[in-house]
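Written below as structure tokens is the structure these notes are about.
The values are calculated or read from the model by the stated rules, or taken from the named source; none is laboratory data. Predicted, not measured: the structure shown is a model, and the values here were computed from it. Heads up, the Cβs are rebuilt from the backbone with ideal geometry, glycines too, and the neighbour counts pull from every protein chain shown. When the accessible area is computed, the model is the full protein with side chains, heavy atoms only, and any ligands, DNA or RNA have been set aside. Shrake-Rupley method; radii C 1.70, N 1.55, O 1.52, S 1.80 Å.
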Amino acid sequence: PQKVTQIRKHLTDTQFRRMWMYFVDGMTIDEIGKVEGVSHQAISLNITAAIRKIKKIFLRFFKNTLQKWPKIGDR
């Protein structure tokens with residue numbers, strides 16, 4: 001739950017809702033489009049943008065975490 005809350009803070013309401021419907025509820029992009037009254041392309045682009053944001057968040061986290069680890073051979 002804490003990770004979901006952290007991710008949620010970085011996404012728009014629409015991105016989070018559509019990601020939830022796609023990954024958690026298991027809806028297809030077309031199903032989400034019908035529910036929301038928008039095109040397949042709009043849903044696809046929105047989910048893709050959300051995934052990019054999430055990747056950036058995790059890359060920053062891991063970069064910061066890895067910088068704290070000792071380098072190989074530093075003992």
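A few comments on the model shown:
- Qualifying positions in segment 1-13 - part of a helix (DSSP H, G or I) and loosely packed, with under 15 Cβ neighbours inside 10 Å: 2, 3, 4, 5, 6, 8, 9, 10, 13
- Residue match in segment 34-52 (condition: at pLDDT below 95 and either open to solvent by 100 Å² or more (accessible area, probe 1.4 Å) or not in a helix (DSSP H, G or I) (or both)): yes
- Taking every residue in segment 35-58 that is under 15 Å from residue 23 (Cβ atoms) and touching a residue at least 24 places away in the same chain (Cβ under 8 Å) and pairing it with any residue that is small (Gly, Ala, Ser) and open to solvent by less than 30 Å² (accessible area, probe 1.4 Å), at least 6 positions away or on another chain, the pairs with Cβ-Cβ distances below 9 Å are 43/33.
- Members of segment 1-29 that are more than 29 Å from residue 61 (Cα to Cα) and free of Cβ contacts under 8 Å to residues at least 12 places away in the same chain: 27, 28
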